[in-house]
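To start, the structure under review is shown below, and the notes come after it.
The values are calculated or read from the model by the stated rules, or taken from the named source; none is laboratory data. Every value quoted in this text rests on a predicted model; they were computed, and no experiment measured them. Quick reminder, even Gly has a Cβ in these numbers, built from the backbone with ideal geometry, and neighbours come from all protein chains shown. Side chains are part of the model used for accessible areas, which takes the heavy atoms of the whole protein and leaves out ligands, DNA and RNA. Shrake-Rupley method; radii C 1.70, N 1.55, O 1.52, S 1.80 Å.
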Amino acid sequence: MAATLTINGQTVQASADLSLFDQAEAMCIDVPTSCRKQGKCKECMVDVVEGMDALSPRTEAEQHLKGNFRLSCQTHVIRESGQVRCQTMRRGTMRIESQALGLPGHNRSVELDPAVTRDGDRIFIDGVEVDQRAGPIYGIAMDLGTTTVVLRLIDLENGELIADTSFENPQRFGGSEVMSRIAYDSDHPGKLLMRTLAGYLTHAIEKFPVDPKSIYEMVVVGNSTMRDLFFRQNVHSIGQSPYRSITEIEMAEGKRATTSLVQTGMRSLLPIHPKARVYGAPIISGHVGADAAACMLAVDMAHEERLIAVMDIGTNTELIVGNRHRILAASCPAGPAFEGGAIACGMPALEGAIEEVEIADDESIRLRVIGDGKPEGICGSGLVDILSELLRTGRMNAMGRFADDVRRVTLYRNDVLDEGVFLLENDVNELAQAKGANVAGLQVVFSSYGIDFDDIDVFYLAGGFGRHLNLDASKRIGLVPNLDATKIVQAGNTAIEGATIALLSKSKRQELEDLVKKVEHCRLETHPSFFDFFVEGCQFKPVELIPCAK
Ligand code: FES
């Protein structure tokens, strides 16, 4: 019997004559490429989940890849039996919007004051003429996450959201978290991480329903490493204590006035107007990056009198606590588990991901899948649900051990060729450690501020993940503090909201530049109690208030 090949959940008999790319194409699976299978663009990557040893040896074109990543155009199944399972980088569904953009809720609106303006057909950036064009002019806001990239296309003349899209960050081949990416970038010359991302961004921008050359500005937010990699900065210093971006070092030395970065569209390797301005929002300090800065803009921290907290749970969880008078921020190295990384059946919150789980009284498991199709994996909100349900029904204890010597919990059983979607005890360990880092961050920031959880007036749970979390489940496993539900606002992706505001308003962009300079960076790694908080936080139980010096 011939070997079987499963790509993105579709299974065929493997053919040694065809590359994985050819076989994916035959299954109508869209594989990113700019070189048509020449081994040059490095975009056709697949993550091999099973059967690495059944594949042809790596070619010269794949020497930059490690782990289970292969270039699909270079790879053939060479075994005559067995099973190979792999996955292309995932993409979200592009949404074409027709509604005016409701800038971040919370009853505020932003006055349109973009840097890109027109006078008749003449297009200006900050008053400097860059082009002549009739028709609409556009900008892009981008949240460049370690795991997921989100883009918004905005009409700069009326602030309307034209379309948005998201995809898995293809830089995963350089590691799933920032420290591995820094090490990869330092070890591999040629800026491969940036070039691969640029290829994916190019495809995403070309799919927008406008001429890419009518895009004149782009605002990029992301953690310090992601942002600096995009701007082809040397990221080595972010990976070494005291963990500073080269821009932060240069600012401390008086060589620059801001940590923000600017370059042209042409230098960014993107198909937007070559003279477009690409603005990397300022970072706060250390790993607390431009995404956290953008969150502050989105929640209007500069004018806030109440005591608020923003928690953006991700591969790096950002925490910001304070108000216009005093702000503390920290970055927690949670790792990718709650974004589906490092989990056997984990995946980002894209179509096919299990996003809700409930164990019914008759012990059956009810699932809700993004897009309502066949489950392909489980994303963060589904993971929180299943942990909470296992705890609630006594199938797992607070230490994350399954009852009755169970090794795996099956959520969805597929046909014989596929094992379906399941959770392993090892996955629970990964999630426990991610949670431990987040809880330790909360404890350190709140105690450094001298407040208890209850002192907070509004707790913004930010990020795409935070938006879809079941709050009761999150509190039960201790991912978020046990606050009254009326204090918690599931605010959605505040980083992309902040990037959008900065795109549409020069004055808000200046406000952001001023705000980041006021923030006190809370360095978790040097806090004497961090490790104790981490160990305690790994347990699946509600987060207790800790005594703190007021
Ligand atoms: S298609 Fe370009 S490297 Fe494979």
Within the range 115-162, strands (runs of 3 or more DSSP E) holding 3 or more residues that are among the aliphatic types (A, V, I, L, M), out of contact with any Lys or Arg (no Cβ under 8 Å at 6 or more places or on another chain) and open to solvent by less than 60 Å² (accessible area, probe 1.4 Å):
148-155
Mind listing whichever residues of the range 284-298 are touching a Lys or Arg at 6+ places or on another chain (Cβ under 7 Å) and over 22 Å from residue 110 (Cα atoms)?
286, 289
Looking across the range 163-187 at residues that are part of a loop (DSSP other than H, G, I, E, B) and small (Gly, Ala, Ser), the single one that is surrounded by the fewest Cβ atoms within 10 Å (Cβ to Cβ) is 175
Looking only at the range 349-376, which residues are farther than 20 Å from residue 414 by Cα and not hydrophobic (A, V, I, L, M, F, W, C)?
361, 362
Need the failing condition index for residue 114 against (1) modelled with pLDDT of 95 or more; (2) within 16 Å of the ligand (Cβ to nearest atom), just the number.
(2)
Within the range 7-27, can you find the residues that are more than 16 Å from residue 56 (Cα to Cα), within 27 Å of the chain's Cα centre (by Cα) and modelled with pLDDT of 90 or more?
7, 24
Just for strands (runs of 3 or more DSSP E) wholly inside the range 1-68: which have at least 1 residues that are open to solvent by less than 30 Å² (accessible area, probe 1.4 Å) and more than 16 Å from the ligand (Cβ to nearest atom)?
4-7
When the residues of the range 460-497 are filtered to those that are β-branched (Val, Ile, Thr) and in a helix (DSSP H, G or I), which remaining residue is surrounded by the fewest Cβ atoms within 10 Å (Cβ to Cβ)?
486
Go over the candidates 394, 400 one by one and state the one that is in a loop (DSSP other than H, G, I, E, B), surrounded by fewer than 16 Cβ atoms within 10 Å (Cβ to Cβ), at pLDDT 90 or above and not aliphatic (A, V, I, L, M).
394
Grab the strands (runs of 3 or more DSSP E) fully contained in the range 306-375, keeping just those with 1 or more residues being at pLDDT 90 or above and open to solvent by less than 10 Å² (accessible area, probe 1.4 Å).
308-312, 317-322, 327-332, 353-359
